[in-house]
Amino acid sequence: MPAYPTIDDAPSETLPEKLELLAARDVTAVFFCEGRRLDEHAAHAVAAVEAGHLLGNHADTHTHASDLSVGAFREEVARTDALLDDVYERAGVERPARLFRFPYGDRGDEHADDFQEVLEEEGFVGPDATAFAYDWYDDEHAGYRDWGWTLDVADWEVETPEAMRENVAAESERLASEPNDLLLFHDGGNTVAAFEAYLDALDAHGVALGDPRDLL
């Protein structure tokens with residue numbers, strides 16, 4: 001069954017090289033972008049759109065949502081979304097959908113329902129929760145307007161390609177199981193070599209990478 005690659009903390013300065021690795025493997029991903037990173041590397045995000053990838057909103061400053069008021073959360077989302085609209089316009093591509101992922105997976109605790117209302121008002125859509133045959137995922141995510149994940153290989157913990165391959169290998173039984181997975185990886189903070197090791201390790205374990213557009 002396919003696993004769908006989603007990549008947080010984009011765009012980084014090394015995104016162009018990572019796009020080349022994805023193109024060589026004919027893989028499409030969702031890149032969840034921070035507003036502050038778009039300020040620095042908007043051209044890289046444009047290249048990602050031109051290459052056929054999806055861009056999502058990862059808030060402006062990557063702040064825990066539970067530390068934000070409803071007004072501040074709305075501003076975090078709106079500023080990043082305006083930058084994403086500009087990226088799609090520069091790429092000459094119609095934006096297919098508005099996607100959002102909470103930094104750290106923190107949905108806002110006491111404001112969680114309010115934040116979901118903000119996302120709904122702004123037209124954000126979550127992935128098709130029924131595509132993932134995990135009861136806990138369907139229970140948590142059905143009806144939500146944000147994108148979670150089902151498998152995190154903790155790429156943010158490792159510093160070498162070897163360690164990255166070990167982390168993927170540690171999930172080999174899970175990756176070989178029948179249910180689809182929504183994979184979490186990070187652009188910012190990871191080297192090109194680490195990303196290549198991640199993709200190679202997934203391939204070595206027979207993981208078929210699906211197109212996230214199929215989840216819309």
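The values are calculated or read from the model by the stated rules, or taken from the named source; none is laboratory data. Treat the numbers as computed from the prediction; the structure is a model and nothing was measured. Cβ sites come from the backbone with ideal geometry, for glycine too, and all protein chains shown count toward neighbours.
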task: Quick one: S177 ticks every box in (1) in a helix (DSSP H, G or I); (2) more than 30 Å from R74 (Cβ to Cβ) except a single one, so which number is it?
output: (1)
Residue check, A163 aliphatic (A, V, I, L, M), closer than 30 Å to S69 by Cα and out of contact with any Cys (no Cβ under 7 Å at 6 or more places or on another chain): no
field: Residue, surrounded by the fewest Cβ atoms within 10 Å (Cβ to Cβ), within segment 72-100, restricted to residues that are under 15 Å from V30 (Cβ atoms) and among the β-branched types (V, I, T)
entry: V93
field: Test: E13 is within 30 Å of E110 (Cα to Cα) and in contact with an Asp or Glu (Cβ under 9 Å, 6 or more places away or on another chain)
entry: no
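Restricting segment 101-125 to residues that are among the small types (G, A, S) and surrounded by fewer than 18 Cβ atoms within 10 Å (Cβ to Cβ), which is nearest to D9 (Cα to Cα)? Even if it seems obvious, please write down each step before you answer.
First, pick out the residues of segment 101-125 that are among the small types (G, A, S): 105, 108, 112, 123.
This time we only want the ones that are surrounded by fewer than 18 Cβ atoms within 10 Å (Cβ to Cβ), so: 105, 112, 123.
Numbers: G105: 12, A112: 22, G123: 22 Å.
Among them, the one singled out is G105.
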message: Anything in segment 117-144 that is among the aliphatic types (A, V, I, L, M) and either part of a loop (DSSP other than H, G, I, E, B) or at pLDDT 95 or above (or both)? List them, or say none.
response: V118, L119, V125, A133, A142
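Going through N190, N167 one at a time, which residue ends up being over 18 Å from T28 (Cβ atoms), in a loop (DSSP other than H, G, I, E, B) and either free of Cβ contacts under 8 Å to residues at least 60 places away in the same chain or out of contact with any Phe, Trp or Tyr (no Cβ under 7 Å at 6 or more places or on another chain) (or both)? First the steps, then the outcome.
Values: N167 fails: in a loop (DSSP other than H, G, I, E, B).
On inspection, the qualifying residue turns out to be N190.
Going by what's in this entry, would D128 be described as of a type in the set (D, E, K, R), surrounded by 15 or more Cβ atoms within 10 Å (Cβ to Cβ) and either farther than 23 Å from F185 by Cβ or in contact (Cβ under 8 Å) with a residue 12 or more places away in the chain (or both)?
Values: of a type in the set (D, E, K, R): yes; surrounded by 15 or more Cβ atoms within 10 Å (Cβ to Cβ): no; either farther than 23 Å from F185 by Cβ or in contact (Cβ under 8 Å) with a residue 12 or more places away in the chain (or both): yes.
Answer is no for this residue.
Based on this model, can you work out whether R174 counts as surrounded by fewer than 16 Cβ atoms within 10 Å (Cβ to Cβ), of a type in the set (D, E, K, R) and under 26 Å from H41 (Cα atoms)?
On the way: surrounded by fewer than 16 Cβ atoms within 10 Å (Cβ to Cβ): yes; of a type in the set (D, E, K, R): yes; under 26 Å from H41 (Cα atoms): no.
Here the answer is no, as R174 does not meet what is asked.
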- prompt: Quick one: is V158 over 21 Å from L99 (Cβ atoms) and within 18 Å of the chain's Cα centre (by Cα)?
  reply: no
message: Exactly one of these conditions fails for A142: (1) under 20 Å from the mean Cα position of the chain (by Cα); (2) surrounded by 14 or more Cβ atoms within 10 Å (Cβ to Cβ); (3) farther than 19 Å from I7 by Cβ. Give me its number.
response: (2)
